[in-house]
Amino acid sequence: MPDKTAVLLMAHGAPESLNGIPDYLQHIMKGRPPSEEVIGQVKERYSLVGGKSPLLEITQNQAAALEARLNQATNAFKVYIGMRHWHPFIDETVQQIAKDQPARLVAISLAPQYSSLSVEAYNQTLKKAMTSANLNIPVQMVKSWFKQAELIGAFCEKIQEALDQYDDATRSHVHLLFTAHSLPETVLEQGDPYPQEVEGTVSAILKQLHFDAALKNWSFAFQSQGFRGGKWLGPDVEKVLGTLGEAGKNDVLVVPIGFVCDHVEILYDVDILYKGLAASQGISLRRTASLNAMPTFIEALAKVVQANS
């Protein structure tokens, strides 16, 4: 495929069975074996959401839909997926790309907001893999796309769909709680733009929804802090839910704008952990459906590819 553009969608990766969890955690921990306690906690979470993560299957669906969209007028694109911490690993996929010999490569992290600990880590993994595979072609690594128009539109569609599920009386006082994955506070010392880009995504959504900031009917919180010690970016969901409960906010709609598909941080952290915590505060908590392979989101990815091809 000498005239084709290869598109690589990169994601975190997740094991597809309970048996894979120890190796998965050890890879995240850069070869250090996880404690039995941590393995047990993660296995319990996966067990509660069906014993596996749907991340790979959803990413495969996204890739197939994106390839079909890009090739509507021409057959100039081939879309691949690569995971940082599980199969198919980025380096495994790059080996295949090298065999296919495309003319160029566009790499997109499926985390729209840039951070040195997420997007940049994916990009550095890709650079090393390309060197190892002797893949010497022009490559465009998309740094961030946190305010891409169709991405914002996709989130707004999901918010409106969720709000339409409330009765008229309840809908008028539903409180939106936007969330994104927390990171260690050390990123702030490095001038990491992640908090500002997350805020930018929220601001763009609120603007498109014509939300009145004076109504104070939305909040933001970081979710899914990791197992490593030290301080993490806040406020966290747990604290914000406590504040909302004290303020009498009885109906809260979580909008996870740092995530583009269902996985354990959505299916367990939001649907089980935070929902249970909210109930203890007298709050009925729902969330927006994930973007997954919805047409507007696939269009967002296509526009990102086209802008970088």
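The values are calculated or read from the model by the stated rules, or taken from the named source; none is laboratory data. This is a predicted model, so every value here is computed, not measured. With ideal geometry, Cβ positions are generated from the backbone for all residues, glycine too; neighbour counts draw on all protein chains shown.
Here are some conditions: (1) crowded, with 18+ Cβ neighbours inside 10 Å; (2) farther than 21 Å from residue 123 by Cα. Residue 66 meets all but one. Which one does it not meet?
(2)
Look through region 214-241, keep the residues that are of a type in the set (Gly, Ala, Ser) and surrounded by fewer than 16 Cβ atoms within 10 Å (Cβ to Cβ), and return whichever of them is farthest from residue 270 (Cα to Cα).
Residue satisfying both the conditions and the ranking: 214.
Collect the residues in region 191-239 that are in contact with a helix residue (DSSP H, G or I) (Cβ under 8 Å, 6 or more places away or on another chain), closer than 24 Å to residue 263 by Cα and among the aliphatic types (A, V, I, L, M), keeping them in residue-number order.
Across region 191-239, the qualifying residues are 205, 221, 233, 237.
Give 299, 199 a once-over and let me know the one that is farther than 25 Å from residue 42 by Cβ, assigned to a helix (DSSP H, G or I) and not assigned by TED's automatic domain parsing to the domain that holds residue 157. Write out each step before concluding.
Details: 199 fails: not assigned by TED's automatic domain parsing to the domain that holds residue 157.
After ruling out the rest, the residue left standing is 299.
Table: residues versus (1) within 28 Å of residue 64 (Cβ to Cβ); (2) under 20 Å from the mean Cα position of the chain (by Cα).
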| site | (1), (2) |
| --- | --- |
| 244 | no, no |
| 258 | yes, yes |
| 277 | no, no |
| 307 | yes, no |
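Here is a list: 79, 94. Which entry is touching a helix residue (DSSP H, G or I) at 6+ places or on another chain (Cβ under 6 Å), surrounded by 14 or more Cβ atoms within 10 Å (Cβ to Cβ), under 17 Å from residue 298 (Cβ atoms) and of a type outside the set (Lys, Arg)? First the steps, then the outcome.
Values: 94 fails: under 17 Å from residue 298 (Cβ atoms).
So the residue among 79, 94 that is touching a helix residue (DSSP H, G or I) at 6+ places or on another chain (Cβ under 6 Å), surrounded by 14 or more Cβ atoms within 10 Å (Cβ to Cβ), under 17 Å from residue 298 (Cβ atoms) and of a type outside the set (Lys, Arg) is 79.
Kindly provide the set of residues from region 252-282 that are in contact with a His (Cβ under 9 Å, 6 or more places away or on another chain) and either assigned by TED's automatic domain parsing to the domain that holds residue 114 or farther than 15 Å from residue 162 by Cα (or both), ordered by number.
258, 259, 263, 265
Being in contact with a helix residue (DSSP H, G or I) (Cβ under 7 Å, 6 or more places away or on another chain), surrounded by 20 or more Cβ atoms within 10 Å (Cβ to Cβ) and hydrophobic (A, V, I, L, M, F, W, C) is the filter here, so list the residues in region 43-63 that pass it.
The answer is none; no residue qualifies.
Could you please give the count of residues in region 50-65 that are over 15 Å from the mean Cα position of the chain (by Cα) and under 13 Å from residue 15 (Cα atoms)?
3
Might you let me know whether region 162-170 holds any residue that is surrounded by fewer than 18 Cβ atoms within 10 Å (Cβ to Cβ) and within 19 Å of residue 121 (Cα to Cα)?
Pass one, region 162-170, residues surrounded by fewer than 18 Cβ atoms within 10 Å (Cβ to Cβ): 163-170.
Among the residues that remain, those that are also within 19 Å of residue 121 (Cα to Cα) are: none.
The answer is no; no qualifying residue exists.
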